[in-house]
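For reference, the structure is listed below as structure tokens.
FYI, it's all coordinate maths here, none of it is from the lab. What you see is a predicted model; the values in this text were computed from it and never measured. Positions of Cβ are generated from backbone atoms using ideal geometry, with glycine treated the same way; all protein chains shown enter the neighbour counts.
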Amino acid sequence: MKFIIPLLMLVGFVFSCGNASEENQKQTPTNDASIIFGDKNYNFPTLSPPAKEQAVRWGVLEDFLAEAQNANGNNYQDLRNRSERLKEYADSLFSNVPDTLNTKPIHSRLMVLKTRSALLFQASHQATIDSLKVQQSLEEMNGAVKNLIVQLNEKFQKDKIDFTRKEDEENELKKQQRYKDSIINLELQDKKNKKV
């Protein structure tokens, strides 16, 4: 009888430890490759021709846009890898802005883009996958990319309008100067004719 109680306690202890290890195994997260994040058919706005030309000169932008497009429609592991590259590209974009694009609106869009890519990186590199948070981060990053593209297009459109306006003003001033010169010439001719 003395041995039955310690023996029952020992058996109970062994079974309770066995159950705890089974529970720990059930809680270990699995990286489910079947979950697809983003929409594979998602398209960003197109860059206007002058903005495309600038993107070619600013090589990191072209790489970033391609990587952002390819980040949509991927499984967790691919998105995780792409988020690392997106974060690196966003850091590079933010620190190497060409002088022609170094305006406050573009700078602020780049800051948002850098933040969104860092949040996507953070959400995709957590120990436990929160698929809703990862999906939301990807959608917010897509929005930031879209806003940057729209801002770049608007900047070049504004530059074109300003250039046209300046050119029109210069042509108008030249026209006015020619008119003044012709009036002066006519007055001089008139004075010469009166003297003769």
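Below, the figures for the structure above:
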item: Cβ-derived FRET efficiency at R0 25 Å, Q126 paired with Q69, nearest 0.05; result: 0.55
item: The range 36-160: radius of gyration over Cα atoms, expressed as a fraction of 2.2 N^0.38 Å; result: 1.04
item: Cα-based Lys proximity count in the range 67-175, under 18 Å, for pairs eight or more positions apart or on separate chains; result: 14
item: Stretch gain in nm, segment Q189-K160, where the contour uses 0.36 nm per residue and the Cα spacing is subtracted; result: 6.1 nm
item: Sites T100 and R178 - FRET efficiency at Förster radius 25 Å, r taken between beta-carbons, to 0.05; result: 0.15
item: Net dipole in debye of the chain [+1 Lys, Arg Cβ; -1 Asp, Glu Cβ; about Cα centre; nearest 20]; result: 920
item: The chain: most fluctuating residue of F13, F44, F121 per GNM, C-alpha cutoff 10 Å; result: F13
item: Mean separation of Cα contacts under 8 Å, 6 or more apart, over the residue count of the range 43-196: relative contact order %; result: 27
